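What follows is one structure encoded as structure tokens, with my remarks underneath.
The values are calculated or read from the model by the stated rules, or taken from the named source; none is laboratory data. What you see is a predicted model, and the numbers here were worked out from it, not measured in a lab. Here the Cβ positions follow ideal geometry from the backbone for every residue, glycine too, while neighbour counts run over all protein chains shown. The accessibility values were calculated without ligands, DNA or RNA, using every heavy atom of the protein model including side chains. Shrake-Rupley method; radii C 1.70, N 1.55, O 1.52, S 1.80 Å.
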Amino acid sequence: MKRLLTFIIAATAVMSLWAQQGLNVDSVFRGHIVPKSTPEFKETNLSGEVVKPYKLRKMRTISFLATETQRDHVERLVEEDYQFADKNRTTLTDIDGEERESRNGHIYYIIFRTADRDRNDAGVRKIDHTYVCYQCKPRGGRYDITLVYLEGPATFSDLMKNFKRKNNKTK
């Protein structure tokens, strides 16, 4: 029983150190802007077979209610990551795009590719793409924010086919 508990704690610690490290939004995932102890803070970490049909290896999602100050801080971090990725577009391929929508002078929705990561899979060099998705909806004087980190061989087109289609069906 003690070994199982140790394994669960270690696995949880490793999951929280996912690859969004190096991005400005990492501090949001770590709960530095809106504390993880806040009742509205929800976090999901997925990997393996669950995300494989989407051509992903990892998916990390957080959502929370934020004040205007917190929203502005998170939005600034997302924008900084976007600007850094945009500056490094020469390392990204033509098959990748981005989607962005602003409302009332603030980012309402954005998805963009941040970088490529090399990985070694059984002696074969493979490339994973990394993406950040952000959405902010006003909700009763606060802001409902969802932030997603995606990693895997999926291209932007793959993500749009898999996720956009499902979103459009629900409208």
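Structural remarks
- Given (1) at pLDDT below 75; (2) open to solvent by 70 Å² or more (accessible area, probe 1.4 Å); (3) within 21 Å of Asn24 (Cα to Cα), index of the condition Lys169 fails: (3)
To keep it simple, each residue is scored yes or no on (1) modelled with pLDDT under 95; (2) within 19 Å of the chain's Cα centre (by Cα).
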{"site": "Thr6", "(1), (2)": "yes, no"}
{"site": "Lys42", "(1), (2)": "no, yes"}
{"site": "Arg71", "(1), (2)": "no, yes"}
{"site": "Tyr82", "(1), (2)": "yes, yes"}
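- Within segment 36-49, considering residues that are open to solvent by less than 60 Å² (accessible area, probe 1.4 Å) and assigned to a loop (DSSP other than H, G, I, E, B), the one farthest from Glu80 (Cα to Cα): Thr38
- Any pair with Cβ under 9 angstrom, 6 or more apart, that starts in segment 108-125 at a residue that is over 30 Å from Glu79 (Cβ atoms) and ends at one that is assigned to a strand (DSSP E or B): Asn120/Lys126; Arg125/Asp118; Arg125/Arg119
- Close pairs from segment 57-74: first over 12 Å from Tyr143 (Cα atoms), partner acidic (Asp, Glu) and open to solvent by 20 Å² or more (accessible area, probe 1.4 Å), Cβ under 8 Å, at least 6 apart: Arg60/Glu43; Thr61/Glu43; Ile62/Glu43
- So Lys126, is it touching a strand residue (DSSP E or B) at 6+ places or on another chain (Cβ under 7 Å), at pLDDT 95 or above and surrounded by fewer than 14 Cβ atoms within 10 Å (Cβ to Cβ): no
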